[in-house]
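Below is one structure; the comments refer to it alone.
The values are calculated or read from the model by the stated rules, or taken from the named source; none is laboratory data. What you are looking at is a predicted structure, and each value in this text was computed from that prediction instead of being measured. All Cβ positions, glycine included, derive from the backbone under ideal geometry; neighbour counts span all protein chains shown.
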Amino acid sequence: MIGVSLDTRMGAQHRWRMCEQSELMRIPNEVRECVAFLATYRQGVPTSTSSGFFVCVPLRVPDRVAVYLVTAKHCLYDQSGLAEFVAVRLNTHAGVSETVLIPTGLWIQHSVSDVAVVPWGPDQTHIKFRALGVVSVATESIVADKAIGPGDDVFVTGLLVHHPGQTRIMPIVRLGCIAAIPDDPVKLQLGKHIGAPIIDEKVVLVEARSIGGISGSPVFVHLPFWRDIAIPPGGGALTFTGSGDVKAYSGGEHWLLGVMHGFYPVGVNDPDGVSAGNTALNTGIAVVTPADRMMDIINGPELSKKREEMCVELEKGQMPIPTSASQGLGSTADLCDK
């Protein structure tokens, strides 16, 4: 039966929905509809493919958010170096997809991590997309508070390079678990071009086989609903029972854990010789850049200043209209609450 239910699946971004209660058992639509397919362009020719996703930050002006497109920094590069444009492919309300070219110079690249952000909100009346509220980001404090760690379920939404969709984009969902949150940083190569930097980064390793095109995708951690249920006074076990044929409707919580970097290669450490000399062989372990690195950019001085400028214009009764990939503005209702 359709009714009004409180949807608590997206971290701290709770909202009321008019839906069948059984819908709340599934992964929410936001985690697929926030995804865009990306491609680097050089001299009008696509040179590589990847994924990206939208997030939003509430402004102090009611019902207004700043919108950002996020990807892995190395996705702005092809084998020749920094590309000229990033083509962003998105679905429209008309049932087809469209592509928008964003110059790579407009992206803000993290100084030391594999994350890049551009302030851009597509036309909501024409483009069908969602943006994840940053209140549902699994920051370092959230990870500690909720004891997130190895064995917790994760899922990734992004591009399946073999079947991206011809008429419309079709983001897929891949499931796995956290394999480790290493204390020591790991070495990552940011791109395949000559001179691509190698960095030491604190990452999350997940057992979710990364494939081509999924770099830059959002990675979510899933926490079952019973994780936050208090133990009864005096201790003891908790027993969950149903009432007759009535099911308990809860999909648990989903928090944005980070940005997909890509698979962890075998490298030179291959004592069993499984790579047969191919040191780039996919180990089945994927590397995730923590979401805190994304927030470094979003909360940095450049984007914070732009949000303040937007608020000043809105408070004066002037509506900033994003005509290029230089700013993003959206409605909370349109982006987050449908």
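Which residue out of CYS56, CYS75 is under 16 Å from LEU159 (Cβ atoms) and either of a type outside the set (Phe, Trp, Tyr) or surrounded by 22 or more Cβ atoms within 10 Å (Cβ to Cβ) (or both)?
After ruling out the rest, the residue left standing is CYS75.
Mind checking which residues of segment 170-207 are over 25 Å from THR47 (Cβ atoms) and assigned to a loop (DSSP other than H, G, I, E, B)?
If the condition is that a residue be over 25 Å from THR47 (Cβ atoms) and assigned to a loop (DSSP other than H, G, I, E, B), then ILE181, PRO182, ASP183, ASP184, PRO185, LYS202, VAL203 are the ones that fit.
Among the residues of segment 111-134, write down those that are free of Cβ contacts under 8 Å to residues at least 60 places away in the same chain and polar (S, T, N, Q).
SER111, THR125
Can you pull out every residue in segment 151-172 that is surrounded by fewer than 14 Cβ atoms within 10 Å (Cβ to Cβ) and at pLDDT 85 or above?
GLY151, the sole residue that qualifies.
Are any residues in segment 135-150 touching a residue at least 40 places away in the same chain (Cβ under 8 Å), of a type in the set (S, T, N, Q) and either touching a His at 6+ places or on another chain (Cβ under 7 Å) or surrounded by fewer than 20 Cβ atoms within 10 Å (Cβ to Cβ) (or both), and if so, which ones?
THR139
If GLY216 meets every condition in (1) free of Cβ contacts under 8 Å to residues at least 40 places away in the same chain; (2) closer than 23 Å to TYR77 by Cα; (3) outside any strand (DSSP E or B) apart from one, which number is that one?
(1)
Take ALA83 and tell me if it is of a type outside the set (Ser, Thr, Tyr) and closer than 25 Å to GLU253 by Cβ.
no
Of the numbered conditions (1) at pLDDT 90 or above; (2) of a type outside the set (Gly, Ala, Ser); (3) over 20 Å from PHE53 (Cβ atoms), GLN189 fails exactly one; give the number of that condition.
GLN189 satisfies all of (1) at pLDDT 90 or above; (2) of a type outside the set (Gly, Ala, Ser); (3) over 20 Å from PHE53 (Cβ atoms) except (1).
Suppose the filter is closer than 27 Å to VAL221 by Cα, modelled with pLDDT of 50 or more and surrounded by fewer than 17 Cβ atoms within 10 Å (Cβ to Cβ); does GLY300 pass it?
Answer is yes for this residue.
Going through MET295, MET260 one at a time, which residue ends up being of a type outside the set (Gly, Ala, Ser), closer than 22 Å to VAL35 by Cα, crowded, with 17+ Cβ neighbours inside 10 Å and modelled with pLDDT of 95 or more?
MET295
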